[in-house]
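Taking it in order: structure first as structure tokens, then the write-up.
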Amino acid sequence: MSESAAMAGGAALVTGSVQGIGLGVARSLAGAGMRIAVHGLATPEQGWAVADELMALGAPDACFHDADLRDPAAIRAMMAQLQDWGPIDVLVNNAGIQKTAPLAEIDPGTWDAILAVNLSAAFHTMQLALPGMAERGYGRVVNIASVHGIVASQDKAPYCASKHGLVGLSKVAALEYAAAGSGAAGGVTVNCICPGWTDTDIIAPQIAARGQALGTGRNEAVASLLSEKQPSLRMSDPAEIGELVLWLCSRAAHNVTGVSIPVDGGWTAQ
Ligand code: NAD
């Protein structure tokens, strides 16, 4: 089987793909000829505009879903609809939220929301998608965790807890499905990508806060944040995460499972 044959014409769900890293991933998978289920908290106009863009990039088909991932019933409804449209061969659990605050000041609602979107939603989607992948002999789950699934930073208790949990959940699923399918078919793998600073909206509040603290503009604030943690002193671009997802989905990656790959300019090497 050629590298792209496992993917072309197959269906991918990328949560949180109306913007940011998820959109970068969706563009890469569309370019490989996959049908894409676009997802995120966006208006129908915004969501279907992304779907149109992905079809122009090479996706044979695309649809849009706006399930709120804090609600397990909404996740189940979306997955049921996608069973008819799909079935899902590639599942990218990418949607995520974060709020920075000292542990003692985090309200329980913030804790619950971050754990629900960043961790529990991936449990629900994986539970519904993995059995079908195993039956068909090919499937890929790529969970977008974070450097904060590997190491901690102050003021990020719920975020770090959710991302460490996502790394653990992915390892368990990788073991349970490691023997599914065959090398020729591509097998079923479950992995995490662990980005460091990546240029998207989710980090805008931290950049703004640093700029305010330093009395500088955005560029100086970004440079200051990078200098603390990310030795390359460069942010990643969402398209670069997309390229890595594409490789993980290739047949050649059939024996890469249960790993967490940092894309962090050396952050977690320190
Ligand atoms: P982003 O804010 O641009 O995108 C987040 C996406 O999640 C959006 O599409 C949004 O609609 C979706 N989302 C949020 N809450 C939701 C909800 N309740 N229901 C459904 N969808 C919801 O941020 P991003 O940087 O593209 O984040 C993508 C992933 O990458 C997240 O899991 C994030 O934790 C992770 N990450 C980002 C960075 C970074 O520096 N940008 C670093 C490490 C990890």
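The values are calculated or read from the model by the stated rules, or taken from the named source; none is laboratory data. The shown structure was predicted, so the numbers you read here are calculated from the model rather than taken from an experiment. Please note: Cβ atoms are built from the backbone with ideal geometry, for glycine as well, and neighbour counts cover all protein chains shown. Areas reflect the complete protein model, heavy atoms only, side chains present, ligands, DNA and RNA absent. Shrake-Rupley method; radii C 1.70, N 1.55, O 1.52, S 1.80 Å.
Summary table below
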{"read-out": "Test: residue in segment 134-148 that is of a type in the set (Phe, Trp, Tyr), surrounded by 15 or more Cβ atoms within 10 Å (Cβ to Cβ) and within 15 Å of the ligand (Cβ to nearest atom)", "value": "no"}
{"read-out": "2 or more residues touching a Pro at 6+ places or on another chain (Cβ under 8 Å): qualifying helices (runs of 4 or more DSSP H) within segment 118-234", "value": "121-136"}
{"read-out": "Of the criteria (1) under 30 Å from Ala157 (Cα atoms); (2) in contact (Cβ under 8 Å) with a residue 24 or more places away in the chain; (3) within 11 Å of the ligand (Cβ to nearest atom), which one Ala74 fails", "value": "(2)"}
{"read-out": "Residues located in segment 184-202, provided they are of a type in the set (A, V, I, L, M, F, W, C) and near the ligand (Cβ under 8 Å from one of its atoms)", "value": "Cys194, Trp197, Ile202"}
{"read-out": "Test: residue in segment 202-221 that is exposed (fewer than 13 other Cβ atoms within 10 Å of the Cβ), touching a residue at least 60 places away in the same chain (Cβ under 8 Å), outside the structural domain of Val14 (by TED's automatic domain parsing) and closer than 23 Å to Trp111 by Cα", "value": "yes"}
{"read-out": "All positions within segment 245-270 that are under 30 Å from Arg210 (Cα atoms) and either open to solvent by less than 40 Å² (accessible area, probe 1.4 Å) or out of contact with any Ser or Thr (no Cβ under 6 Å at 6 or more places or on another chain) (or both)", "value": "Ser260, Ile261, Val263, Asp264, Gly265, Gly266, Trp267, Thr268, Ala269, Gln270"}
{"read-out": "All positions within segment 59-78 that are open to solvent by 30 Å² or more (accessible area, probe 1.4 Å) and in a helix (DSSP H, G or I)", "value": "Pro72, Ala73, Arg76, Ala77"}
{"read-out": "Hey, Ala184 out of contact with any strand residue (DSSP E or B) (no Cβ under 8 Å at 6 or more places or on another chain), at pLDDT below 95 and either in the same structural domain as Asn93 (by TED's automatic domain parsing) or open to solvent by less than 20 Å² (accessible area, probe 1.4 Å) (or both) or not", "value": "yes"}
